[in-house]
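Trainee: This is the structure I have questions about; it appears just below.
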Amino acid sequence: MILLDGKKTSNEIKDEIALEVDSLINSGGKKPHLAAILVGNNGASETYVNAKVKACNKVGFDSTLVRLEDSVSEDKLIDEIKKINNNNLIDGLIVQLPLPNHINEKKIINTIDVLKDVDGFHPINIGNMTLNLPSFIPATPAGIIELLDRYKIDTEGKNCVVIGRSHIVGLPVSILMARNNNPGNATVTLVHSRSKNIKDVCLKADILIVALGKANFVNSSMVKAGCCIIDVGITRIPSDITKSGWKLVGDVDFNDVKDKVSYITPVPGGVGPMTIAMLLKNTLLAAKSRN
Ligand code: NAP
């Protein structure tokens, strides 16, 4: 079994980005600049945003973090987005999800300038991605494709099963795997909570991408020998061997499947770090096209 090391790969990508930032600056350009809006005090969101800001610093980007109260009105949030849309010094903008219930997420995403939408969630970016046209590709699916690419995993003509159809992971990655690209050109089946016989479907997968958010959902009875598993899930479960009292696990029972598969992403250290690297890559792309 080969471990698909997202941490190592993401560090390589960050080093490549840092070199590109140097050459941008040396040729008279400005540093790429990512702005993030964080609404409220959700612990997980706070951790994710802090990690993104830290990663910006590491590769030499400028970053701006706008913090808004949990009670902020939708109009005020839209005003903040418009300010950033109109700020020529900022190249990329992300609004950390989820948002409080009183705010309409779709309306917020639609307000972000398509050319600064480095999360790739705007319907125009999703549409362009679907049509294989230039676009920002959502960071987690982009990270999965990049990992498959860098580990030279053949996807053409393979059976790929994706579990989960969220707009940020399952749906876009199923589109990317089906596109006429490399990696891509797979025969894709997308399953979700209404699907029947998920085990039988998974057993046919050469590549199994799991993104449903249920700890250890996939076990060895559901996977074909020699398949490649991409585990997107991140769930905190109680642990009496860690200081914090919890640990992170994926949607796949790693210990149960590890001797049956040919490739697998660990959790943590697999898809998670790749997501941040691809957000940086999208921001660099935004900065270069604005330069
Ligand atoms: P989500 O929005 O909750 O979507 C979950 C999807 O799984 C839905 O499509 C749902 O089906 C499907 N599902 C739920 N229970 C199922 C079942 N028993 N059988 C089959 N399908 C089922 O989740 P998400 O945002 O995509 O996130 C999924 C996981 O990935 C979470 O653990 C999240 O923390 C993690 N994640 C990790 C990263 C990273 O960077 N590593 C990034 C994003 C998310 P319906 O559509 O029918 O409800």
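Trainee: Mind listing which trypsin sites (Lys or Arg not before Pro) in region 80-184 are in a DSSP loop and have 12 or fewer other Cβ atoms within 10 Å?
Mentor: Taking region 80-184 and a limit of 12 other Cβ atoms within 10 Å, the loop trypsin sites (Lys or Arg not before Pro) found are LYS152.
Trainee: Another question about this same structure. Ratio of region 170-212's C-alpha Rg to 2.2 N^0.38 Å, to two decimals? Could you put the intermediate results ahead of the total?
Mentor: Details: Rg = 10.6 Å, N = 43, 2.2 N^0.38 = 9.2 Å.
Cα-based Rg divided by the globular estimate yields 1.16.
Trainee: Taking the Cα centre of region 203-291 as the origin, how large is its charge dipole in debye, to the nearest 20, when only Lys and Arg (+1) and Asp and Glu (-1) carry charge on their Cβ atoms? Could you put the intermediate results ahead of the total?
Mentor: On the way: 11 positive and 7 negative charges, 84 e Å.
My answer is approximately 400 debye.
Trainee: For the peptides 204-210, 39-45, what is the packing order when you average, over each peptide's residues, the other Cβ atoms within 10 Å and list the highest mean first?
Mentor: The packing order, highest mean first, is 204-210, 39-45.
Trainee: To the nearest Å, what is the center-to-center distance of region 53-87 and region 229-291, using C-alpha atoms only?
Mentor: Computed from Cα coordinates, the inter-centre distance equals 25 Å.
Trainee: Got the relative contact order for region 134-291 handy, in percent, Cα pairs under 8 Å and 6 or more residues apart?
Mentor: 23 percent
Trainee: Alpha carbon centre of region 1-43 versus region 148-209: separation in Å?
Mentor: If we compute the Cα centre of each part, the gap is 26 Å.
Trainee: Shifting gears a bit: Given the pairs LYS52/LYS116; LYS158/LYS204; LYS54/LYS106, which are separated by over 21 angstrom at their Cα positions?
Mentor: Long pairs (Cα-Cα over 21 Å): LYS54/LYS106.
Trainee: Mind checking the dipole of the chain: about its Cα centre, +1 per Lys or Arg Cβ, -1 per Asp or Glu Cβ, Debye to the nearest 20?
Mentor: With only Lys, Arg, Asp and Glu charged at Cβ, the dipole is about 240 debye.
Trainee: Let me ask something else. So what is the relative contact order of the chain, in percent, for Cα pairs below 8 Å that sit 6 or more residues apart?
Mentor: 22 percent
Trainee: Continuing with the same structure: For the chain, what does the accessible surface come to per residue with a 1.4 Å probe? Please give it in Å².
Mentor: On the way: 13960 Å² over 291 residues.
In whole numbers, the chain has 48 Å² accessible per residue.
Trainee: Let me ask something additional. Scaled to the compact-protein estimate 2.2 N^0.38 Å, what is the alpha-carbon radius of gyration of region 104-215, rounded to two decimal places?
Mentor: Here the Cα radius of gyration is 1.09 times the empirical estimate.
Trainee: Restricting to DSSP H runs of at least four residues, report the calculated mean residue ellipticity at 222 nm for the chain, -39500 (n - 2.57) per run over all residues, nearest 500 deg cm²/dmol.
Mentor: -12000 deg cm²/dmol
Trainee: Let me ask another. Equivalent ellipsoid semi-axes for region 38-181, as square roots of 5 times the alpha carbon gyration tensor eigenvalues: give them largest first, rounded to whole Å.
Mentor: 29, 17, 16
Trainee: Stick to the Cα atoms of region 178-268, pair each with every other, and give me the Kirkwood hydrodynamic radius in Å at one decimal.
Mentor: 14.0 Å
Trainee: In addition: What shape does region 1-123 have by the C-alpha gyration tensor, where a ≥ b ≥ c are the square roots of the eigenvalues, rounded means a/c under 1.5, and otherwise prolate means a/b greater than b/c and oblate the rest?
Mentor: Judged from the Cα gyration tensor, region 1-123 comes out oblate (a/c at least 1.5, b/c at or above a/b).
Trainee: Report the Rg/Rh value for region 67-107, based on alpha-carbon coordinates and the Kirkwood definition of Rh.
Mentor: Rounded to two decimals, Rg/Rh equals 0.96.
Trainee: Using the Cα centre as the reference, give the magnitude of the dipole from point charges on the C-beta atoms of region 127-270 (Lys, Arg: +1; Asp, Glu: -1; all else neutral), rounded to the nearest 20 debye.
Mentor: Once rounded to the nearest 20, the dipole reads 260 debye.
Trainee: As an exercise, use a Förster radius of 30 Å and the Cβ-Cβ distance of ASP15 and LYS83 to find the FRET efficiency, rounded to the nearest 0.05.
Mentor: 0.35
Trainee: Ordered by packing density, taken as the mean number of other Cβ atoms within 10 Å over each peptide's residues, highest first, how do 191-202, 87-98 rank?
Mentor: Going by the mean number of other Cβ atoms within 10 Å, highest first, we get 87-98, 191-202.
Trainee: What nm value, rounded to one decimal, do you get for the distance between GLU46 and ALA225 when each label is placed 7 Å out toward the C-beta?
Mentor: 5.0 nm
Trainee: Once the dipole of the chain is set up with Lys and Arg at +1 and Asp and Glu at -1 on Cβ about the Cα centre, which of ILE198, LEU131, ILE103 lies farthest towards its positive end?
Mentor: ILE198
Trainee: At 37 °C and 0.692 mPa s, what whole-number value in µm²/s does Stokes-Einstein give for the translational diffusion of the chain, with Rh from the Kirkwood sum over Cα pairs?
Mentor: Numbers: Rh = 19.7 Å.
This corresponds to a translational diffusion coefficient of 166 µm²/s.
Trainee: Now for a separate question. Of the GluC sites (Glu not before Pro) in region 54-148, which ones lie in a loop per DSSP and count no more than 11 other C-beta atoms within 10 Å?
Mentor: Values: sites: GLU69, GLU74, GLU80, GLU105, GLU146; in loops: GLU69.
Qualifying residues, ordered by number: GLU69.
The values are calculated or read from the model by the stated rules, or taken from the named source; none is laboratory data. Only a predicted model underlies this, so the values are computations on that prediction, with no experimental measurement involved. Cβ sites come from the backbone with ideal geometry, for glycine too, and all protein chains shown count toward neighbours. Surface areas here come from the heavy atoms of the whole protein model, side chains and all, with no ligands, DNA or RNA. Shrake-Rupley method; radii C 1.70, N 1.55, O 1.52, S 1.80 Å.
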